[in-house]
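The values are calculated or read from the model by the stated rules, or taken from the named source; none is laboratory data. Source: prediction; values computed, not measured. We place every Cβ from the backbone using ideal geometry, glycine too, and count neighbours over all the protein chains shown.
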Amino acid sequence: MPETLLRLALSRKPTMENSVHYLAHTFSFLATGRDTDNAYTLIHCFFRKGFTPPAHFHKYEDETFYVLDGMIDFQAGDKKIRAGAGELAHAPRSAAARWQSLWRRDGARAQVADD
């Protein structure tokens, strides 16, 4: 069986082994470019209330956010949206992006960055 087909059978949840903790936030790598033939990376993120990263952009990847819980204000370039649980926000590569967690408690969201 081709190796690519074997990689399609993938099931992961956030664990200590696939997670990185940075500034009191948790990033769990559920699928990486190595798992997906560099098609995408899927990261489950748990952010503390009020978290706001500096504006930044990705030169080679689009960045898509699917909110699992809570609410975020999201900005890509000049476009601003407020996204809640079950909503999607997208920043094309080279667009400056930033967001802020607005939920009254800590919240989680998932992020996909196309490789």
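For the list (1) within 20 Å of residue 11 (Cα to Cα); (2) at pLDDT below 85, I need the number of the one condition that residue 69 fails.
(1)
So which residues in segment 11-47 are touching a strand residue (DSSP E or B) at 6+ places or on another chain (Cβ under 6 Å) and farther than 26 Å from residue 94 by Cβ?
12, 14, 18, 19, 26, 28, 46
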